[in-house]
1. Can you give me the angle between helix 109-120 and the longest principal axis of the chain, using Cα atoms only, in degrees from 0 to 90, rounded to the nearest 10?
2. In bins 5 Å wide, starting from 0, what share of all Cα pairs of region 145-226 does each bin hold, as a percent?
3. Could you give me D for region 119-161, from Stokes-Einstein at 20 °C and 1.002 mPa s, where the hydrodynamic radius is the Kirkwood radius over C-alpha pairs? Units µm² s⁻¹, please.
4. Could you give the angle, 0 to 90 degrees to the nearest 10, between helix 15-31's Cα long axis and the longest principal axis of the Cα atoms of the chain?
5. Hey, fewest Cβ within 10 Å first, where do CYS155, CYS186 land in order?
6. What ratio of Cα Rg to 2.2 N^0.38 Å holds for the chain?
7. Grab the DSSP H runs of the chain that are 4 residues or longer, score each as -39,500 (n - 2.57), total them, divide by all residues and round the 222 nm result to the nearest 500 deg cm²/dmol.
8. Measure off 7 Å from each Cα along the Cα-to-Cβ vector at VAL243 and GLU20, then give the distance between these two points in nanometres to one decimal.
Amino acid sequence: MQKTILLLAKSAIAARPRAEMEALAEAVAKRLDGTNATHAFSEQGSPSLRERLTELAGAGVPEISIVPAMLPMEPGFPAWIARAVHRWKTHHAGPVPVIRVAHAPLEATEELADILARLASDPGRDIAEKPAAIPDRSAIATQKRRVLVCMGGPCNDAASSSLWQHLRAEQDRLKLRDIGDGMMSCKTSCLGPCNLAPVVQVWPEGTTYCGVNEAALDRIISEHILGGEPVADLLYPPSQKKVALRR
Ligand code: FES
């Protein structure tokens, strides 16, 4: 097993940008004489950094080079990567590969300028052409409850994407949009208590659930969404004092 390049992008909700990142990783691998290359997302996307690190470590990869694939680079992103990797190392049970972080893309200004100049010389598509139909109507849903799943960096890194997929699957399976009070779900950016990730909130009560896994989410659905009662042993009440996750 050899060193692996890990392209770390910000987010991708749809299938197409995920496929684009896969293709980009393949192209990078080709240029590096077949070195392994893959990708992960820091927010709103799967696999998260943690999921990919676990997969690569499990495959026995000895060294991982993380390449931030972000333009422009957010000033706090390198520190976030370092914290996410340290957190992952603390919780990972098996052997841990050497993990390095490459320079940010904007530090290679000349090479980037070459690429952008090449793209700019292409005639592109005339956006003055109107799409075939522009929808102008939407239904207003009657649902009373709304479940927010945080997809900020720390929550995504704590597998909130899988949690989101589980919630959507259960929402369809149990027809949660239409039964009981009805519910809608949506992804959000940071909800605040990042160190207690992954975080889920249920409104209109504003109940905050932290350290949520699929089993906890199942209880939130059956007891809170369907039963109408917040789950006392899973919720974290508002507090001025900092609290840690109950394990
Ligand atoms: S990233 Fe989820 S609470 Fe901050």
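1. In the chain, helix 109-120 runs at an angle near 80 degrees to the longest axis.
2. 3, 17, 31, 27, 15, 6, 1
3. Rounded, D is 135 µm²/s.
4. Result, in degrees: 30.
5. CYS186, CYS155
6. Working: Rg = 21.0 Å, N = 247, 2.2 N^0.38 = 17.9 Å.
Taking N as the residue count of the chain, the ratio is 1.18.
7. Estimated from H runs of four or more residues: -10000 deg cm²/dmol.
8. 4.1 nm
Coordinate-derived values only; no laboratory data. Just so you know, these numbers come straight off a predicted model, no measurement behind them. When we count neighbours, we look across all protein chains shown, and the Cβ atoms used for this are built from the backbone with ideal geometry, even at glycine.
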